[in-house]
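Have a look at the structure below, then the notes.
Rule-based calculations on the coordinates, nothing more; no lab input. These figures come from a predicted structure and were not determined experimentally. With ideal geometry, Cβ positions are generated from the backbone for all residues, glycine too; neighbour counts draw on all protein chains shown.
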Amino acid sequence: MDQLTMPCPVLDCGPDCWACGGRRRVRFTGEAAERAGATLARIDRWVERRRQEPEPEQLT
């Protein structure tokens, strides 16, 4: 993976955002893109496992 572009991770992103400069998207290149891509893949697998688990019964 040479490049990965994703939404800005800063919660209060605005015109003077330190991470994206107001573009609302950040670009990772090289090794950073590889690490970010691997992290996103782990998150996707975790979310999929959680979706497949039965809902816990609510305690009353």
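Residue-level check: of (1) part of a helix (DSSP H, G or I); (2) surrounded by 11 or more Cβ atoms within 10 Å (Cβ to Cβ), residue 27 misses just (1). When we screen 36, 41 for residues that are of a type in the set (A, V, I, L, M), surrounded by 13 or more Cβ atoms within 10 Å (Cβ to Cβ) and out of contact with any helix residue (DSSP H, G or I) (no Cβ under 7 Å at 6 or more places or on another chain), the only hit is 36. Within the range 30-55, residues that are under 16 Å from residue 7 (Cβ atoms) reach partners that are surrounded by 10 or more Cβ atoms within 10 Å (Cβ to Cβ) with beta carbons closer than 7 Å, at six or more positions or on different chains, in the pairs 33/1; 33/3; 33/4; 36/4; 36/28; 37/1; 37/4.
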